[in-house]
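K.L.:
This structure is in structure tokens; I'll ask about it shortly.
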Amino acid sequence: MERLSARLLSWASLIDEKTLDQAHTAARMPFIHPHLALMPDAHLGKGATVGSVIPTLGAIIPAAVGVDIGCGMIAVRTQFTAPDLANRDLAPLREAIERAIPLSAGHYNRKVVATAEPRIAELEGLAEKSGFDPVAYAGNWKLQLGSLGSGNHFIEVSLDELDRVWLFLHSGSRGVGNKIAQHHIAVAQRLNKQWWIDLPDPDLAYLVEGTPEFTGYIRELRWAQHFALLNREEMMDRVVRQLSEFVGITVDEQERINCHHNFTESEKHFGKQVWVSRKGAIQADVGRPGLIPGSMGTASYVVEGLGNPLSLNSSPHGAGREYSRSAARRTFTHAQLREAMSGIEFRDTDAFIDEIPQAYKPIDQVMADAADLVTIRHTLRQIVNVKGD
């Protein structure tokens, strides 16, 4: 860990100047308490750095939570081991998962399936208690539950260090969460302009605790966080079903972990009750299980928090980009992607060039930087990868 200023601490050994400048700017906001913590995977984001932990007194910056509210990971350890899948063509398993779960931006379920019905009923009740209608943001939000999205979202079948089979996926609150986030970012920007607040970046616009706008944001934010959690649960249930059918034996779940990395919670740190916005970071209280994926084709980790107080009990959420998507497409080739994915069953298309492992920070370095934030319980290596275009 390096103290870059009184209000900025960093665990990132690999970080560029633009990202550092952005983090310094956010750390100077007057309501930061006691400091902003940069995680090892920190990289440039919208307003606030992705891979940062931002504690605020009496205010929240909606863009510092991110537009994919509640985005995170879920993993299930099964009773199966590598021999159960050995010498089998894994393409049919990948294709079955791709049929069961809508992939890519703008792709949703055609109907509400039986497993989604109780989750949608739960979300409807929560929205009613929160005093808003999600239809105002996305008329088809019910059909979005159980869909993956695109970009760095994925579904994987992996093996751990004991060759046990794990199911692992990454997604969030989809289009409805994005619309909620964009609305409240715009509200914050309008209010800050109305109040003649001189912001160093329009995307650092904030909402003040105690105002109707702040209260409305928290209610809808919590709904979107719960949507994201249930979205992952719904998808994981479908992946479990596809694996059961592929092997011919019902999956016996040995362990299930579900955690956010784009969210806000009210927590006590350094003697104050603060709003902690983790934008690309997970909670890492003492003993709390967590998930840190690498990039496409590299290792992922099941971890346990160490409760480091300087990090505000947080840890990184993944590898973190080194190349923007456009830069990655200019730099890397389809042949390099194939080489990086050697031995892994995946949909072989140049649509994934911007997700090549070389576009990300080396996950081994990220985990080395996080040694005082988490301990590693399991190291996972992919054997099947599913992504949306």
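The values are calculated or read from the model by the stated rules, or taken from the named source; none is laboratory data. It should be emphasised that the depicted structure is a prediction, and the values quoted were computed from it without experimental measurement. Please note: Cβ atoms are built from the backbone with ideal geometry, for glycine as well, and neighbour counts cover all protein chains shown. Areas reflect the complete protein model, heavy atoms only, side chains present, ligands, DNA and RNA absent. Shrake-Rupley method; radii C 1.70, N 1.55, O 1.52, S 1.80 Å.
K.L.:
For the range 69-80, how many residues are in contact with a strand residue (DSSP E or B) (Cβ under 6 Å, 6 or more places away or on another chain) and either open to solvent by 20 Å² or more (accessible area, probe 1.4 Å) or part of a helix (DSSP H, G or I) (or both)?
P.N.:
So the answer is 1.
K.L.:
May I ask you to verify whether Gly66 is in contact with a strand residue (DSSP E or B) (Cβ under 7 Å, 6 or more places away or on another chain) and at positive phi?
P.N.:
So Gly66 fits the description; yes.
K.L.:
Among the candidates Ala205, Ala188, Ala228, single out the residue that is closer than 30 Å to Val384 by Cα and among the hydrophobic types (A, V, I, L, M, F, W, C).
P.N.:
Sole residue among the options that is closer than 30 Å to Val384 by Cα and among the hydrophobic types (A, V, I, L, M, F, W, C): Ala228.
K.L.:
Run down Glu161, Glu128, Glu156 and say which single residue is over 20 Å from Val65 (Cα atoms), outside any helix (DSSP H, G or I) and open to solvent by 10 Å² or more (accessible area, probe 1.4 Å).
P.N.:
Answer to the selection: Glu161.
K.L.:
I need the full set of residues from the range 97-125 which are touching a Lys or Arg at 6+ places or on another chain (Cβ under 9 Å) and part of a helix (DSSP H, G or I), in order please.
P.N.:
Ile97, Glu98, Ala100, Ile120, Leu123, Glu124
K.L.:
Can you name the residue in the range 277-300 that is farther than 17 Å from Val50 by Cα and hydroxyl-bearing (Ser, Thr, Tyr) and is also surrounded by the fewest Cβ atoms within 10 Å (Cβ to Cβ) among such residues?
P.N.:
Thr298
K.L.:
Please indicate, with yes or no, whether at least one residue in the range 48-61 is aliphatic (A, V, I, L, M), free of Cβ contacts under 8 Å to residues at least 60 places away in the same chain and either touching a Gly at 6+ places or on another chain (Cβ under 8 Å) or open to solvent by 10 Å² or more (accessible area, probe 1.4 Å) (or both).
P.N.:
Scanning the range 48-61 turns up no residue that is aliphatic (A, V, I, L, M), free of Cβ contacts under 8 Å to residues at least 60 places away in the same chain and either touching a Gly at 6+ places or on another chain (Cβ under 8 Å) or open to solvent by 10 Å² or more (accessible area, probe 1.4 Å) (or both).
K.L.:
Here's something else I'd like to know. Would you say Val113 is open to solvent by 20 Å² or more (accessible area, probe 1.4 Å) and either in contact with a Ser or Thr (Cβ under 6 Å, 6 or more places away or on another chain) or not hydroxyl-bearing (Ser, Thr, Tyr) (or both)?
P.N.:
Criteria met by Val113.
K.L.:
Also, quick follow-up: Which pairs have Cβ atoms under 8 Å, sit 6 or more apart or on different chains, and link a residue in the range 10-30 that is farther than 25 Å from Asp372 by Cα and touching a residue at least 40 places away in the same chain (Cβ under 8 Å) to one that is assigned to a strand (DSSP E or B) and not charged (D, E, K, R)?
P.N.:
Every condition considered, the pairs that remain are Met29/Thr56.
K.L.:
Continuing with the same structure: Of all residues in the range 237-254, which are in contact with a strand residue (DSSP E or B) (Cβ under 6 Å, 6 or more places away or on another chain) and either part of a helix (DSSP H, G or I) or open to solvent by 40 Å² or more (accessible area, probe 1.4 Å) (or both)?
P.N.:
Once the filter is applied, which keeps residues that are in contact with a strand residue (DSSP E or B) (Cβ under 6 Å, 6 or more places away or on another chain) and either part of a helix (DSSP H, G or I) or open to solvent by 40 Å² or more (accessible area, probe 1.4 Å) (or both), the range 237-254 yields Val239, Asp252, Glu253, Gln254.
K.L.:
Still on this structure, please answer the following. Cβ contacts < 7 Å: first residue more than 25 Å from Ile97 (Cα to Cα) and polar (S, T, N, Q), restricted to the range 109-133; second residue open to solvent by less than 80 Å² (accessible area, probe 1.4 Å) and in a helix (DSSP H, G or I), any location; separation 6+ or different chain. Result?
P.N.:
Short answer, once both residue conditions are applied: Ser130/Glu220; Ser130/Trp223.
K.L.:
Right, another one. Scan the range 1-16 for residues that are of a type in the set (D, E, K, R) and at pLDDT below 95 and report the count.
P.N.:
The total comes to 1.
K.L.:
Which of the residues belonging to the range 199-236 are within 20 Å of Asp133 (Cα to Cα), touching a residue at least 12 places away in the same chain (Cβ under 8 Å) and open to solvent by 40 Å² or more (accessible area, probe 1.4 Å)?
P.N.:
Glu213, Arg219, Arg222, His226, Leu229
K.L.:
If Pro83 passes every condition in (1) part of a loop (DSSP other than H, G, I, E, B); (2) farther than 27 Å from Gly216 by Cβ but one, which one does it miss?
P.N.:
(1)
K.L.:
Out of the residues in the range 347-376 that are of a type in the set (Asp, Glu) and in contact with a helix residue (DSSP H, G or I) (Cβ under 9 Å, 6 or more places away or on another chain), which is surrounded by the most Cβ atoms within 10 Å (Cβ to Cβ)?
P.N.:
For the range 347-376, the residue satisfying everything is Glu355.
K.L.:
Let me ask you something else. Under the condition of being assigned to a helix (DSSP H, G or I) and farther than 23 Å from Lys268 by Cα, which residue from the range 2-23 is most open to solvent (accessible area, probe 1.4 Å)?
P.N.:
Lys18
K.L.:
Another one. Tell me which of these Phe31 doesn't satisfy, since it passes every other one: (1) among the hydrophobic types (A, V, I, L, M, F, W, C); (2) open to solvent by 10 Å² or more (accessible area, probe 1.4 Å); (3) out of contact with any Ser or Thr (no Cβ under 6 Å at 6 or more places or on another chain); (4) at pLDDT 95 or above.
P.N.:
Phe31 satisfies all of (1) among the hydrophobic types (A, V, I, L, M, F, W, C); (2) open to solvent by 10 Å² or more (accessible area, probe 1.4 Å); (3) out of contact with any Ser or Thr (no Cβ under 6 Å at 6 or more places or on another chain); (4) at pLDDT 95 or above except (3).
K.L.:
Of all residues in the range 293-330 being in contact with a helix residue (DSSP H, G or I) (Cβ under 7 Å, 6 or more places away or on another chain) and in a strand (DSSP E or B), which is modelled with the lowest pLDDT?
P.N.:
Arg321
K.L.:
Has the range 255-275 got at least one residue that is in a strand (DSSP E or B), within 22 Å of Val386 (Cβ to Cβ), open to solvent by 60 Å² or more (accessible area, probe 1.4 Å) and in contact (Cβ under 8 Å) with a residue 60 or more places away in the chain?
P.N.:
Within the range 255-275, one or more residues are in a strand (DSSP E or B), within 22 Å of Val386 (Cβ to Cβ), open to solvent by 60 Å² or more (accessible area, probe 1.4 Å) and in contact (Cβ under 8 Å) with a residue 60 or more places away in the chain.
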